[in-house]
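Asks: Below is a structure I'd like to ask you about.
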Amino acid sequence: MSKHHIEMTINGRRHTSDVEARVSLSDFLRGDAGYTGVHVGCEHGVCGACTVIVDGKAVRSCLMLAVQADGAEVTTVEGLAAPDGTLHPVQQALLDEHALQCGFCTPGVVMTLAALTNGDAKPSEAQLLIALSGHICRCTGYQGIRRAAKKLASADHGGKT
Amino acid sequence: MKPAPFDYVAPATIDEACAALAEAGGGARVLAGGQTLMPLLNLRMSQPFIIVDINKIAELKGIARGDGCTRIGPMTRQCEVIASEALARDLPVLVQAVCHIGHHQTRNRGTVGGSIALGEPAAELPATAVALGATIEVRSTRGTRHIPAGEFYLGPYMNALDADELVTGVSFPDWPKGHITLFREVAQRPGDFALVGMVGALSVEGGRIARAGLGWFGMGPTPIRAKAAEQTLLGLPLDRIDTQAVAERAIADTAPFDEHHVSAEYRRTVGARIFGRTLREALKTGELA
């Protein structure tokens, strides 16, 4: 099967590779580029764990081929915290509200909230909560995640991705 | 849970895409937003020889109004429909319907044409196209066809497209300013497939129903137009409509089936209730307008 040359920016760094067309973006990010913060759960778009930001929008990376992200700008959970280790406001809010336990679903939740609160966006609590319906968490019972979302809806949260 | 190997092309024009589909002789799948095809590939329920990715075809994107209709390019993403001020003004019920498709994250990739072509019986967009009398434009190397949405769906995931044809546009006829919109669905959780749903529009002239487009989703093997209910409503004065009787007539056009978490009887019962309630509330709004 044909190989395709692709080039994309991941967390601000350029990556080039030759991939088979059937490789999903999630597998490419984990296996080829080494960003294992992208968690692969169901691989059919139900669980939301693999959510990353592609060209500013939160998408399921298991439902996109790596070859389709040619030329795109991709952000994974590894790209959020500042170089000195300061957490992104979304990460800090989840930490403060005890919104994670095993952490498997967390990177996806973080990326959805980060995409929606990026820049000048001022999403309402309702908007954030309905977007969180795209994530399945099997251990927190969601209440901590909901509290974090509530905090983010009202907080002033910088301009970082 | 990885796709079987396939070849991949990403044409830049409709003509190139049609040529690729013609050459594949039925062994190709078209990749639009991928929010259904990618799961099917990952689960190996679909194993095409070649994927024709239409994401790079600029002429398949966009929303334009003219000639008495709003034409939506099939590669218009669902999130773009939700963000469109023109659609919020001209076809608010379409925006309402699209807000219920999947999740925020899947609407960022999922497209209008992908959902229209798939023909999931419980999906919002095909039913909206059928209810509002949309026309689906399809192209192949052999030419262009315009298929009424009401004739497009043949069964679950079965449509009138030939293997070499590509959906190139969906045209929704204009509805008069201030028309009444109806939409309601029942699902187990936000983002789940609807168990029962209804969608439609009504226009009023001189206090009477002048035009009606009503449809069901999740109520049979295809989206269903509620023709008997439409006929009952036409010409009736707003204050003389027995909404529950209309809902019962609407149910007569459905053919729901049993599934593991919902019975056909449940669908008929709940369907009649939500149809009647949505109609009643919409008419109340219409009287005030």
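Asks: Taking only the alpha carbons of the range B:47-180, what extent do you get along each of the three principal axes, in Å, biggest first?
Replies: Per principal axis, max minus min of the Cα coordinates gives 47, 32, 30 Å.
Asks: Between residue B:269 and residue A:5, what FRET efficiency follows from the Cβ-Cβ distance if R0 is 45 Å, with the result rounded to 0.05?
Replies: Values: r = 57 Å, r/R0 = 1.26.
Given R0 = 45 Å and the Cβ-Cβ separation, E is 0.20.
Asks: Then there is this: What's the angle, to the nearest 10 degrees (0 to 90), between helix B:243-252's Cα axis and the longest principal axis of chain B?
Replies: That works out to roughly 40 degrees.
Asks: Could you give the alpha-carbon Rg of the range B:174-260 over 2.2 N^0.38 Å, rounded to two decimals?
Replies: Here the answer is 1.17, to two decimals.
Asks: Another question about this same structure. Shape call for chain B from the C-alpha gyration tensor, a ≥ b ≥ c root eigenvalues: rounded (a/c under 1.5), prolate (a/b greater than b/c) or oblate?
Replies: prolate
Asks: For a 31 Å ceiling on Cα separation, which of these pairs sit above it: A:150/B:56; A:151/B:177; A:57/A:151; A:122/B:284; A:122/B:61?
Replies: Violating the 31 Å limit, Cα to Cα: A:150/B:56; A:151/B:177; A:122/B:284.
Asks: Further question on the same structure: With everything on Cα atoms, drop me the angle between helix A:143-154 and the longest principal axis of chain A, reported from 0 to 90° to the nearest 10.
Replies: Tilt relative to chain A: about 90 degrees.
Asks: Per the Kirkwood formula on distinct C-alpha pairs, the Rh of chain A is how many angstrom?
Replies: 15.8 Å
Asks: Please state the charge dipole magnitude for the range B:108-166, taken about the Cα centre, from unit charges on C-beta atoms (+1 on K and R, -1 on D and E), reported in debye and rounded to the nearest 20.
Replies: Computed about the Cα centre, the dipole is about 120 debye.
Asks: Using the charge dipole of the range B:177-289 (Lys, Arg: +1 at Cβ; Asp, Glu: -1 at Cβ; taken about the Cα centre), state which of B:270, B:251, B:199 has its Cα farthest towards the positive end.
Replies: Positive-most Cα among the choices belongs to B:199.
Asks: Inverting the mean 1/r over all pairs of different Cα atoms, compute the Kirkwood radius of the protein assembly as shown and quote it in Å.
Replies: Computed over the protein assembly as shown, the radius equals 23.1 Å.
Asks: In degrees from 0 to 90, rounded to the nearest 10, what is the angle of the helix B:14-24 Cα long axis to the longest principal axis of chain B?
Replies: 70 degrees
Asks: Next up: Given labels modelled 7 Å from the Cα in the Cβ direction, how far is it in nm from residue B:12 to residue B:154?
Replies: If labels sit at residue B:12 and residue B:154, their model points lie 3.5 nm apart.
Asks: Moving on. Just to confirm a number: summing +1 for Lys and Arg and -1 for Asp and Glu over residues other than residue B:253 whose beta-carbon lies under 15 angstrom from that of residue B:253, what do you get?
Replies: Computed value for this residue: +3.
Asks: Once phi is turned into θ = phi - 60°, what whole-Hz ³J(HN,Hα) does the Karplus curve with 6.51, -1.76 and 1.60 give for every residue of the range B:184-201, x standing for Gly and Pro?
Replies: With coefficients 6.51, -1.76 and 1.60, one gets 7, 9, 10, 9, 5, 9, x, x, 6, 4, 5, 7, 8, x, 9, 8, x, 8 Hz.
Asks: Could you please state, rounded to a whole Å, how far the C-alpha centre of the range B:97-126 is from the C-alpha centre of the range B:1-76?
Replies: Cα centroid to Cα centroid, the span is 15 Å.
Asks: Rounded to the nearest 0.05, what FRET efficiency is calculated for residue B:47 and residue A:126 with R0 set to 41 Å and r the Cβ-Cβ distance? If you can, show how the numbers build up before the last one.
Replies: Numbers: r = 41 Å, r/R0 = 1.00.
Result of the calculation: an efficiency of 0.50.
Asks: Right, next: Give me the one-decimal Kirkwood hydrodynamic radius in Å for the range A:3-79, with the sum taken over alpha-carbon pairs.
Replies: Answer for the range A:3-79: a Kirkwood hydrodynamic radius of 11.9 Å.
Asks: Continuing with this model, one more query. Helix-only mean residue ellipticity at 222 nm, the protein assembly as shown, DSSP H runs n ≥ 4 weighted -39,500 (n - 2.57), per residue, nearest 500. What is it?
Replies: Per the formula, -8500 deg cm²/dmol.
Asks: Next up: About the Cα centre, and with charges only on the beta carbon of Lys, Arg (+1) and Asp, Glu (-1), how big is the dipole of the range B:1-66? Nearest 20 debye, please.
Replies: 340 debye
Asks: So how many Å³ per residue does the convex hull of the Cα atoms of the range B:7-53 work out to?
Replies: Spelled out: Cα convex hull of the range B:7-53, divided by residues, is 63 Å³.
Each reported figure results from applying straightforward, stated rules to the coordinates on display, with no laboratory input. Being a predicted model, the structure only gives us computed values, none of them experimental. Every residue, glycine as well, gets a Cβ built from its backbone with ideal geometry; the counts of neighbours run over all protein chains shown.
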